[in-house]
Amino acid sequence: MENKKQEELDKLNKRHTPNPIETDYEANKENPGPSEEAVTQKNDEKAGKLQPKLLPIIIAVLLILWFIYSVVFK
């Protein structure tokens, strides 16, 4: 059990972190690696759901304002 868990941590260390996943925080207080939960936690809440919808609207408004500005203050 312990060996399998260590193999999984080693596999995650190779893929994700510059510092290895921390197993003994007290020994590495100066430069600890991330916790196992920080690397393996599933991210269900997407922060950028609104961004693909909002970004084209912002760009369109800015283009319209730029066009009006270039026509009026030519």
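Structure notes:
- Residues (surrounded by 10 or more Cβ atoms within 10 Å (Cβ to Cβ) and among the polar types (S, T, N, Q)) located in the range 52-74: none
- Residue within the range 40-61 that is at pLDDT below 75 and assigned to a helix (DSSP H, G or I) present: no
- Looking across the range 1-27, just one residue is over 15 Å from V39 (Cα atoms), at pLDDT below 70 and in a helix (DSSP H, G or I), and that is E2.
The values are calculated or read from the model by the stated rules, or taken from the named source; none is laboratory data. Worth saying up front: this structure is predicted, and the values here are computed from it rather than measured. All Cβ positions, even for glycine, are placed from backbone atoms using ideal geometry, and neighbour counts span all protein chains on display.
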